[in-house]
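The values are calculated or read from the model by the stated rules, or taken from the named source; none is laboratory data. Computed from a predicted structure; not experimentally measured. Here the Cβ positions follow ideal geometry from the backbone for every residue, glycine too, while neighbour counts run over all protein chains shown. Note: areas computed on protein heavy atoms with side chains; ligands, DNA, RNA excluded. Shrake-Rupley method; radii C 1.70, N 1.55, O 1.52, S 1.80 Å.
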Amino acid sequence: MRLLLPFSSPLSATSPASLPEHPPPSKIDCSGLTKILKKSVIGTLTGALTLTLVLSSPIPSVAASIDPYLSMTPPSLSPDSSPEEADTEVLEDDVRPQLVTNEGIVEEAWEIVNDAFLDARSSRWSPETWQKRKEEILSSPIKSRSKAHEVIKKMLGSLGDQYTRFLSPDEFSRMSKYDITGIGINLREVSDGGGNAKLKVLGIVLDGPADIAGVKQGDEILAVNGVDVSGKSSFEVSSLLQGPSKTFVVLKVKHGKCGPLRTIKVQRQVNAQTPVSYRLEKVDNGKISVGYIRLKEFNALARKDFVIAMKRLQDKGASYFVMDLRDNLGGLVQAGIETAKLFLDEGDTVIYTAGRDTETQKTVVADKKPLITAPLIVMVNNRTASASEIVASALHDNCKAILVGERTYGKGLIQSVFELRDGSGVVVTIGKYVTPNHIDINGGGIEPDFRNLPAWDEVKERLSKCNTLQQS
């Protein structure tokens, strides 16, 4: 199984590498359906989960005379957090064979790397050297499953990519229970073989709200609260499923390819906390009203709560805005993409993704008019990472915001998580993010326009010149 996180998700900007496909629907007889064994996707990770980051000192504070409502000292952050731990979106799918050899598990992991791995750093990988590696590994018997797992760990370690790694069955199982809907399911867009996509339940939390209500693994979602979801992305439908804890959502589902249609009422159980805090400040002797919004992470509630904050601040008279992404390590990439789109014109590029497989080579663009057109400052530091860097670069490169603070962390790789046939898994780097101005985020990060907060007249002038250059 392959987990595709976020990109996402997404998306989607985080599309997975190619997977073995199902037989076309026309070849499946509904009177005698058989289960199709295949690798599947859970979610796209935009970073590994176990690395630690050595913190550098915060940038100097800014004098209160510039903007008294903003402190350049980053808010407190959990000491256990790091950019590599910040981005996860998981979907789950599939049954697995009962018998698999130790050599078969090792070869399966080898094939995933051979098909999808992007060597974004060392440039030491090649199909020829990887083939030789396989021949060396399989030249002698692998006598136990634990030995097979050790072989996979060493094999992945030889790639020189800190994000590509092995997951034990227990680690993989915990990851597959990640839930952004609030009802204990994960959704995936699955091709119907005719150019269209269906939304299916490819991960379900046992004894979670949806499981208790009767939703089954593999169910197709047709409607949410009476709204037809045809043509909607998994992220959009996940957002429809969200709501206050203890409230209900009504799903229309289809069991299997030929199964009955059912309407199921599910009680939400939301654990996600809002990542948004905001306030209105008066500056320049009360002449200017500034809306300050801090985003701690990009979780399932980020875009929705950000829109609420923006509208409330606008109603109170805010004509300038500050988005604080300092110490925001990322989160759900698609949530970041959807937040960036709030400021962009229709057709503006949000982000590019690049990889070996054509499925990972995407251009993500805004598809609607902007919700907000006011001058914007985005605050960043050396712990602004991944999804936050996507947002910052999209707004900066499209002349919607200036960046203030420190160079960002520089985490722009896309990982997918693949399940192996014994329930273990591998996290593999399959792509990378490139900004609208064609800057590779990974490694170098994004340089801000200013170290300290500028005057708002200077912000407007800078954005105006940027737009003029862009149009010419």
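Values as computed for the structure displayed
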read-out: Pairs of Cα atoms farther than 17 Å apart, the range 243-378, %; value: 70 percent
read-out: Qualifying lysines (Cα of each under 17 Å from Cα of LYS282; at least 8 residues distant if same chain); value: LYS316
read-out: Gained length - ASN437 relative to ALA197, 0.36 nm times residue gap less alpha-carbon distance; value: 83.3 nm
read-out: Sum of side-chain charges, GLY231 neighbourhood, beta-carbon under 13 Å (Lys, Arg +1; Asp, Glu -1); value: -3
read-out: Protection proxy ranking of 260-269, 134-143, 164-173 - average other beta-carbon atoms within 10 Å, highest first; value: 164-173, 260-269, 134-143
read-out: Carbon/sulfur fraction of accessible area - the range 224-326, other protein chains in place, 1.4 Å, %; value: 47 percent
read-out: Cα point-scatterer Debye curve for the range 314-472, base-10 log of I(q)/I(0) at q = 0.10, 0.17, 0.18 Å⁻¹; value: -0.38, -0.99, -1.10
read-out: Projected label distance in nm at SER168 and ALA374, using a 7 Å step from Cα toward the beta-carbon; value: 5.1 nm
read-out: Separation of alpha-carbon centers, the range 116-176 and the range 296-349, rounded to whole Å; value: 38 Å
read-out: Estimated distance in nm for a label pair at ILE212 and ASP119, the labels positioned 7 Å out from Cα along Cα-to-Cβ; value: 5.1 nm
